[in-house]
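Before any comments, here is the structure.
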Amino acid sequence: MEEKSNDKLRSQIQSLRSGNRSAILSTLKEFRVHGHISILPYLLDLLVEQENEEIVSEITSLLNDLKDQESAELISKAIANPDYLEVQTHLVAACWQNGLAYGKYIDTFVNVIITGEYSAAIEAFTVIEEAVGDLEPNRRERLVKKLKARLNEVDDQKKPLISELVKVIERY
């Protein structure tokens, strides 16, 4: 049984790497129904290298619909990885849309707010806003201190965003 599963996974990976638009889309649809988390790194890589908007849209939709909590760690690591910087906004947006718990990875999202593009920072704000209630009070205090300490490092466009995030965290 496991060998059949491994063969299926190899076949899916091969299809994703094929460069064949219809094969990729077919595999993405198949993954939506019968996918396993182990293919997620290949989807993330495909998202970075993909130029076809339909495929990008399908991958983004899949990420938005993830329900396996294990995938939160993989997505968070990708967000922190400079290799995925060009798709960071897509990845961060998927985090609040898929509804998984990201409190464990809150520092990743704080770093996006401080150092990321403005569009990614807005998405990270939403992820943090949703996760902050699950954090211990001392963890929230550390986040507030970090955000206040780094406020002078961010561009003027992000300062109001960070100030508002500090207020959101302090309300808990």
Which numbered condition trips up Ser11, out of (1) modelled with pLDDT under 95; (2) in the same structural domain as Ile128 (by TED's automatic domain parsing)?
(2)
Would you mind telling me which numbered condition in (1) over 21 Å from Ala149 (Cα atoms); (2) within 13 Å of the chain's Cα centre (by Cα); (3) of a type outside the set (Lys, Arg) Ile106 fails?
(1)
Contacts under 9 angstrom Cβ, first residue in region 30-50 being touching a residue at least 40 places away in the same chain (Cβ under 8 Å) and within 18 Å of Glu73 (Cα to Cα), partner surrounded by 15 or more Cβ atoms within 10 Å (Cβ to Cβ) and among the hydroxyl-bearing types (Ser, Thr, Tyr), 6 or more apart:
Leu44/Tyr84; Leu47/Thr60; Leu47/Tyr84
Over region 118-138, the set of residues surrounded by 15 or more Cβ atoms within 10 Å (Cβ to Cβ) and of a type outside the set (Gly, Ala, Ser) is Ile122, Glu123, Phe125, Thr126, Val127, Ile128, Glu129, Glu130, Val132, Leu135
Unique match (being of a type outside the set (Gly, Ala, Ser), assigned to a loop (DSSP other than H, G, I, E, B), without any contact (Cβ under 8 Å) to a residue 40 or more places away in the chain and in contact with a helix residue (DSSP H, G or I) (Cβ under 8 Å, 6 or more places away or on another chain)) among Leu100, Leu74:
Leu100
Can Ala72 be described as touching an Asp or Glu at 6+ places or on another chain (Cβ under 7 Å) and among the small types (Gly, Ala, Ser)?
no
Any chance region 120-127 includes a residue that's out of contact with any Cys (no Cβ under 6 Å at 6 or more places or on another chain), more than 30 Å from Gln157 (Cα to Cα) and of a type outside the set (Val, Ile, Thr)?
no
How about region 118-172: which of its residues are charged (D, E, K, R) and not in a helix (DSSP H, G or I)?
Glu136, Asp155, Asp156, Lys158, Arg171
Considering only residues of region 1-55 that are among the hydroxyl-bearing types (Ser, Thr, Tyr) and part of a helix (DSSP H, G or I), which is surrounded by the fewest Cβ atoms within 10 Å (Cβ to Cβ)?
Ser22
Conditions (1) over 14 Å from the mean Cα position of the chain (by Cα); (2) surrounded by fewer than 17 Cβ atoms within 10 Å (Cβ to Cβ): number failed by Leu143:
(2)
Does Ala149 satisfy the condition of being among the hydrophobic types (A, V, I, L, M, F, W, C) and either touching a Ser or Thr at 6+ places or on another chain (Cβ under 9 Å) or at positive phi (or both)?
no
Kindly establish whether Glu123 is assigned by TED's automatic domain parsing to the domain that holds Thr89 and within 16 Å of Glu86 (Cα to Cα).
yes
Mind counting the residues in region 9-29 that are without any contact (Cβ under 8 Å) to a residue 12 or more places away in the chain and on the phi < 0 side of the Ramachandran plot?
8
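The values are calculated or read from the model by the stated rules, or taken from the named source; none is laboratory data. The structure displayed is predicted, hence computed values, not measured ones. Positions of Cβ are backbone-derived with ideal geometry, glycine not excepted, and every protein chain shown enters the neighbour counts.
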